[in-house]
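Asker: Can you read through this structure? Questions will come right after.
The values are calculated or read from the model by the stated rules, or taken from the named source; none is laboratory data. Not measured: the values here are computed from a predicted model. FYI the Cβ positions are ideal-geometry reconstructions off the backbone, even for glycines, and counts take in every protein chain you see.
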């Protein structure tokens, strides 16, 4: 499984996701829909995840991206989109990758 993640421009993420799909891979796209307070990536940031473990782009950082990748694999398996809501107190912020606290919502959908 290739779990290497690289940060790309939004159109690069979409192009890679489309190429993976065209090559026969199952792919999910995660998009930041809302942020509040401090968040590493702005609304509109995207990450593509393939069932084989490929990832491109970024929706946050820290363990949030791991949770989003896991949710993406579930969405690929079930076909059901998900709206993920990550929010933390200032005390737990560093632990989960939101350095100054904050909230991030990420929509995950399977590419058809």
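Asker: So is residue 61 under 12 Å from the mean Cα position of the chain (by Cα), under 13 Å from residue 104 (Cα atoms) and surrounded by fewer than 21 Cβ atoms within 10 Å (Cβ to Cβ) or not?
Answerer: yes
Asker: Could I ask something else about it? Regarding residue 72, is this residue touching a strand residue (DSSP E or B) at 6+ places or on another chain (Cβ under 8 Å), in a helix (DSSP H, G or I), modelled with pLDDT of 95 or more and crowded, with 21+ Cβ neighbours inside 10 Å? Write out each step before concluding.
Answerer: Details: touching a strand residue (DSSP E or B) at 6+ places or on another chain (Cβ under 8 Å): yes; in a helix (DSSP H, G or I): yes; modelled with pLDDT of 95 or more: yes; crowded, with 21+ Cβ neighbours inside 10 Å: yes.
Taking the combined requirement at face value, the residue satisfies it.
Asker: Now a separate question. Search region 29-53 for residues that are at positive phi and modelled with pLDDT of 90 or more and pair each with any residue that is part of a loop (DSSP other than H, G, I, E, B) and surrounded by fewer than 20 Cβ atoms within 10 Å (Cβ to Cβ) when their beta-carbon atoms are under 7 Å apart and the residues are at least 6 apart or on different chains.
Answerer: Partner pairs satisfying both residue conditions: 53/1; 53/2; 53/3.
Asker: Taking into account only those residues within region 76-94 that are at pLDDT below 95 and touching a helix residue (DSSP H, G or I) at 6+ places or on another chain (Cβ under 8 Å), which is surrounded by the fewest Cβ atoms within 10 Å (Cβ to Cβ)? Working first, answer last.
Answerer: Residues of region 76-94 at pLDDT below 95: 85-94.
From the residues that got through so far, the ones that are touching a helix residue (DSSP H, G or I) at 6+ places or on another chain (Cβ under 8 Å) too are 86, 88.
Details: 86: 21, 88: 19.
Only one residue tops the list, namely 88.
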